[in-house]
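Shown next, in structure tokens, is the structure this report addresses.
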Amino acid sequence: MMKNLRFQFNLKKAMCFLFLLPFVFLFSQTYAQENNQESSGSSGLDLRFGGKFGTTLSSFTNQQPYTNQAQGLTAGGFVRYGLTDALTVQLEVNYFQQGGRLTNFDVPSMYGSFDWYDMEVSNQYLRMHNIEVPLLAQYALTFNKLNVVGQLGPSFGYNVHSGVISDQTAFNTGAYPRNYSDEKNVTSKINALQYSITAGISIEYPLIKDIALSLEGRYRYGLNSVYDGYSYLSIPQVQGDLQNHSTYFSIGFIYK
């Protein structure tokens, strides 16, 4: 238990550090820019705006076996503040689909009850519809007109809705298997607040005056459990808390 408490405490400290890091850069560079602007007589903020859309590939951690990946969509907008020519801070608001595939085995005799089937196997596709807010520090390397931008920072998610689609097969001794499907709202089983660390790289190239094209790849590492107490055997004696990780790719446009 002490190890879990230490881990949670260290996790909170790491999240606080990641959250505050972009602001430290922001305030220090803003102060320096204001001093430079006062001496040069110029003023104004280096703000940029943009939007993007793309695809996600998410999966649950393997605290429970029989998990697999699921594909989704993402789209959103962002505002970027330039601290220096190379260093920027970017705040985003995205619609983000996460989730994964789970295989569940229901054997009534394992927990002392009996049903018309001996075993039921469910192939579940769980999709979470989230609002994701990453805050990223970015550093750019320029090669002629091409910018290669590295990104790192915390991300905060809020689950709006979660649903699971199940393809189920029930087996009974001496009878043919029965197949059926259903769809359930499982929002109440999913933790509403989700925390993660996001890292990635993007390639940006100017298209026309004041507009640049961005191609981006990222990895989102989930820090907290999104599904507490999941059991692939449907019994309380075998449970696991599932985290969710995502790889995602997007294309976007930046207005300078």
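Taking R0 as 35 Å, what's the FRET efficiency between Leu73 and Phe114 from their Cβ-Cβ distance, rounded to 0.05?
Working: r = 43 Å, r/R0 = 1.23.
Computed FRET efficiency for Leu73 and Phe114: 0.25.
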Spatial extent of region 155-248: Rg and Dmax, with the Cα atoms as the point set, Å: 20.5, 73
Spacing of the two label points (7 Å from each Cα toward its C-beta) at Leu146 and Ala199, in nm: 2.3 nm
Rounded to whole Å², per residue accessible area for region 113-256 with a 1.4 Å probe reads 53 Å²
For region 91-189, which trypsin sites (Lys or Arg not before Pro) are both in a DSSP coil and crowded by at most 11 other Cβ atoms within 10 Å? Lys145
In whole Å, what are the extents of region 34-192 along the principal axes defined by its C-alpha atoms, from largest to smallest? 88, 32, 24
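Calculate, for Gln237 and Phe156, the FRET efficiency according to 1/(1 + (r/R0)^6) with r their C-beta to C-beta distance and R0 35 Å; round to the nearest 0.05.
0.55
Which FRET efficiency value, to the nearest 0.05, do you get for Thr103 and Ile251 by plugging their Cβ-Cβ distance into 1/(1 + (r/R0)^6) with R0 = 35 Å? Walk me through the numbers before you get to the answer.
Working: r = 33 Å, r/R0 = 0.96.
Efficiency computed from Cβ-Cβ geometry: 0.55.
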Take Asp46, project a point 7 Å from its Cα along the Cβ direction, then tell me which residues of region 230-256 have their backbone nitrogen under 14 Å from it. 256
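The values are calculated or read from the model by the stated rules, or taken from the named source; none is laboratory data. Keep in mind that this is a model prediction, so the values were computed, not measured. Note that we place each Cβ from the backbone using ideal geometry, even for glycine, and neighbour counts take in every protein chain shown. Only protein heavy atoms, including side chains, enter the accessible area calculation; ligands, DNA and RNA are left aside. Shrake-Rupley method; radii C 1.70, N 1.55, O 1.52, S 1.80 Å.
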